[in-house]
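Asker: Got a structure for you, written out below as C-alpha cells; questions coming shortly.
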Amino acid sequence: MNDPETRYRVKHVDERVTISASVAIEAITIAGGTEATWRAWLNDSPLPSPYDSAGGANYHHLREKTHAAIDEMLRNRALPRKSTGLILATTKGDIDAEVQWIRAFDQVNDAGHSRSPPTLGNEASTFAQELKLAGPVWAASTACSSGLVALIEAAMCLLDGDAQCMVAAGLDVAGDFVRDGFGALKALSPTLCRPFDRNRDGLALGSAGAALLLGTLDAVQRPVCVLSGWGVASDAVHLTAPDRDAGGLIRAMRQALTMARLAPNDIDVLVAHGTGTRYNDAMEAVAIRAVFHGPSGEGEQRHTGRIGERRGPMVTALKGLIGHTLGASGVIETALAACIFAEQRVPPITNLIAPEWDDLDLVTGTPRRAARPIRHIMKVASGFGGLNAAVILSAASGGGEASP
Amino acid sequence: MTERRDPQTVSILRAVAGEGDRMWAAPSLADSLHNQATASDRSLPESLPDLLATLALRAVHHLIHNLPQPARESLGIIIGTTSGSLRMDHEFDRSRRDAGARFASPTAFRRTLPSTIAAEISVRLKLRGPLLTLCAGDASTALALRRGVAWLRHFQLNQVIVGGIDWPMPTEHAPATDEPPQVAFLLLSQDAQAPLGTARADRWTPADSGHPRDKSLKMLAEWIRHPASIHLPCGVHLESSNPPK
C-alpha cells in the first residue's frame, strides 16, 4: 500500500495524492563535496571544508563553491534552464556586505548614500542569473526552517506548472554578525554541540551551501528519492524559544504523514533538527513521542524487538558534525538524509555520548543498519518565531542514483 | 513541461493598507476595529520596537478582527519584503559597535531575521498555520499573493493572509530615506461568499527579483484604495467586485 509506485499511479485521481507524491529529488549537491561530507557523517571522518583553503568563514568563497556545485549538477543533466527556477533559503545572505553598507550609511548620512543595500532578493536573483535560470526566483526566509520551506515551495511550484525543474538552494555563513548575535543570546556551546545528550550545552554555528534539484516524477528518469509529503505549522508561542509542548512541530509532522499517506510506523528514520540546546532537543523529544509513540504503540517493536519500549524510528542528527548552518541547514541535511537510501545505514548523532532519553531510538556510536529496508525518512526543522517544517523522503522504486 | 491547470481564482474577503500612521481598509476600519476583540486582541501592544512591525501587526489585526480562534488555528501568513530586517540589522550592529561584541543587544538580534515580523504577528495574534517571508525584489508582494493562491490549495487552508511590508530603502534613483513604512494585506479564501474581489494566478511571468523596491506593494495599496482590475507581476490578476463606474 505504501509502495511509492502505487501511489504515483493514482495521482490523477486523488488531488491530495498528486500534491504529496509526484515530486522527485533528481540530484543533490553540497559545496565542499557531497560524497566527502556524507562519508564524514557516516564514518566520523574529517569534514571537508566548504571553503577554499584561504577563505575562512567568508560568504564570497562559499558562494563561489556553491555556485560551482550547482552549475556542475545542472550541466550533468540536459535541463531546460529557461524553465528552471531557484528558491534560495537563507537567513542573512551576504550580511557582511550589508553591515559594510550600514556603516557607510552612518558615515555619510542619508542624503549622500545612494547605492542600494544588498538584499536577499538580489542575492537570489544574481545567483539565478549567473546560472542562467529563468524560472521563478526568490529568497525564502523562515529562520532556521528556511531550507525545508524552500524545498516545499519548490515542490509546489513544480506541481503548479510554474517551472519544469526547480532548484532549492541553501546558503548561510556564520560570520561575525551572526556569531555575536547567538553569543548575545547565550545559545552557543562553550564545548561541543551534542544533540540529545544529557550534557548538551548549546549549539555550534556552521556555514554551508547546498542544493537539491527537483523535477516532476514523470519527467525524472532516475530520482535520488521522492518527496512524498510535507507540513508547515507555527507555534505562536515565543519569538525565539520553542513551544515546550511542541505544538507546531507535531502538527507539521502529522501533516507530512497525512500527505504522504503513511502511518507513523512507516517512518524508518527521523533526521532531527537537533541543535544541541536544552530547549530545542527537549521539544523535539516531546514531538517524537507524540507522533510516534501513539496509542497504537506501533513504532517500538520494529527495531528493538522488545515489547514495552516506545522507541519509534531511528533518530539521528547532523549539527554535531556540521554545526547549525541556519537557513541552509534544511537543504544540506535533507541532501545528506537522502544519502541514507543508497547506503541503507544510518549515521550516528555526532558527539552524542550520554543520551538524555531512553525511550527514543537515538543512534549513537557507529552507523546502524536497519532490520528492514529503509524506505521512508522524515526530516524536520524548527526556527526562531516557532516556524516548524517537516518533509518525508521516500525511496525511489526501481533504484536511482546509487551514490550520493 | 507539466501542463498547467486552469488559472486558480480565489476570493478576497478583506483588505488593508497602511503608510506611516495612516491605514485604510475594505470593509472600512470604522466598521470593524473595535468590535468583538478576542483575549489576544485585547493584549495587542500599542507599539513594537520596530515601526514597520507595529504597522504590520495593526493591519493584520484589522484583517482578522472577528475571526474566531478556531479559524486562526490554521491561518497562514505570507509576507513579501525587500528591505527585510535592514533597520533592525542596523540597530544590532550599532549595539555591537557601541558596547562591544560581548555585550551586543540580544533583544535587537532576535529581530534581525526577515521573518521576525511574520513570527511576531503569529505569536501576538495566535495564528498557528504556515508562515513564509519571501524576498523577490519589485515583485515581492505580488509573489506573496501568488503563493497564497497556491497555499489555499496545497495546504488545504480555509484562509490565508498575504501581502507586503517595506520601509523604502535608498536607491541610485531615489536616495531619500524619509519615506514612511508601508504595508498592504489581503485576506484570501476559497469561500466565494460576498468577496471584495478575486485574485487569480495566471501563467508565471518573470519579475526583477533583484530590485531594491517593491513596486507591487504600492500597486496593491493603490488597489485597496481604488479597487479595479489590475495585473501585478508574477502573473497575478486582481478583480474588484465593485469596480469604479
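Coordinate-derived values only; no laboratory data. Please read these numbers as outputs of a predicted model, since none were measured by experiment. We place every Cβ from the backbone using ideal geometry, glycine too, and count neighbours over all the protein chains shown.
Asker: Tally Lys/Arg at +1 and Asp/Glu at -1 over every other residue whose Cβ is under 13 Å from the Cβ of residue A:169; what's the total? Working shown, then result.
Answerer: On the way: positive: A:63, A:65; negative: A:71, A:123, A:130, A:153, A:172.
Net charge around residue A:169: -3.
Asker: Would you order A:196, B:185 from fewest to most other beta-carbon atoms within 10 Å of each residue's own beta-carbon? Don't jump to the answer; show the numbers that get you there.
Answerer: On the way: A:196 27, B:185 31.
Ordered from fewest to most neighbouring Cβ atoms within 10 Å, A:196, B:185 come out as A:196, B:185.
Asker: Here is a further query. Among DSSP bridges having both ends in chain A, what percentage is antiparallel? Round to the nearest 5. Display every interim value, and only then the final one.
Answerer: Working: 36 of 57 bridges.
Antiparallel: roughly 65 percent of the beta bridges in chain A.
Asker: To the nearest 0.05, how large is the calculated FRET efficiency for residue A:76 and residue B:21 if R₀ is 45 Å and r is the Cβ-Cβ distance? It would help to have the intermediate numbers written out before the result.
Answerer: Working: r = 55 Å, r/R0 = 1.22.
Result of the calculation: an efficiency of 0.25.
Asker: Give me A:79, B:186 sorted ascending by neighbouring Cβ count inside 10 Å, so fewest comes first.
Answerer: Values: A:79 19, B:186 30.
Fewest-to-most ranking of A:79, B:186: A:79, B:186.
Asker: Whole-Hz Karplus ³J(HN,Hα) for the stretch A:146-161, in order, using 6.51 cos²θ - 1.76 cosθ + 1.60 and θ = phi - 60°, x for Gly and Pro?
Answerer: Karplus values, whole Hz, x for Gly and Pro: 4, x, 5, 5, 4, 4, 5, 4, 4, 5, 5, 4, 4, 5, 7, x.
Asker: Given the options A:386, A:183, A:147, which has the most mean-square fluctuation in a GNM of chain A, springs set between C-alpha atoms less than 10 angstrom apart?
Answerer: Of the options given, A:183 has the highest mean-square fluctuation.
Asker: What list of ³J(HN,Hα) values in whole Hz, one per residue of the stretch A:31-43 in order, does the Karplus curve 6.51 cos²θ - 1.76 cosθ + 1.60 (θ = phi - 60°) give from phi, with Gly and Pro shown as x?
Answerer: Values, residue by residue: 4, x, x, 5, 4, 5, 5, 4, 5, 5, 6, 5, 10 Hz.
Asker: Quick one: dipole size for the stretch A:14-394, taken about the Cα centre, charges +1 on Lys/Arg Cβ and -1 on Asp/Glu Cβ, in debye to the nearest 20. Let's see the in-between values first.
Answerer: On the way: 35 positive and 41 negative charges, 151 e Å.
So the dipole magnitude of the stretch A:14-394 works out to roughly 720 debye.
Asker: Something else about it: Roughly how compact is the stretch B:128-234, stated as its Cα Rg over 2.2 N^0.38 Å to two decimals? Working shown, then result.
Answerer: On the way: Rg = 14.4 Å, N = 107, 2.2 N^0.38 = 13.0 Å.
Computed over Cα atoms of the stretch B:128-234, the ratio equals 1.11.
Asker: Could I ask something else about it? Could you please state, rounded to a whole Å, how far the C-alpha centre of the stretch A:229-295 is from the C-alpha centre of the stretch B:186-244?
Answerer: 35
Asker: In terms of modelled amide H atoms, which long-range or inter-chain residues lie less than 5 Å from the amide H of residue B:8?
Answerer: Those qualifying (amide H under 5 Å, at least 5 residues apart or on another chain) are B:201.
Asker: Next question, about the same structure. Tell me whether chain A comes out rounded, prolate or oblate; compute the Cα gyration tensor, take square roots of the eigenvalues as a ≥ b ≥ c, and use a/c under 1.5 as the rounded threshold.
Answerer: Numbers: a/c = 1.65, a/b = 1.21, b/c = 1.36.
The shape class here is oblate.
Asker: For n ≥ 4 DSSP H runs only, could you compute -39500 (n - 2.57) per run for chain A, divide by its residues and tell me the 222 nm figure to the nearest 500?
Answerer: Details: 13 runs with 141 residues, N = 404.
After summing the helix terms and dividing by residue count, I get -10500 deg cm²/dmol.
Asker: How do B:219, A:166 line up, fewest other C-beta atoms within 10 Å first? Walk me through the numbers on the way to the answer.
Answerer: Working: B:219 22, A:166 29.
The most exposed by this proxy come first: B:219, A:166.
Asker: When the convex hull of the C-alpha atoms of the stretch B:123-166 is computed, what volume per residue in Å³ does it have?
Answerer: On the way: hull volume 3.4 nm³, N = 44.
So the per-residue hull volume is 77 Å³.
Asker: Follow-up. How charged is the neighbourhood of residue B:12? Take every other residue with its Cβ under 13 Å from the Cβ of residue B:12, and add Lys/Arg as +1 and Asp/Glu as -1.
Answerer: Combined, the nearby Lys, Arg, Asp and Glu give 0.
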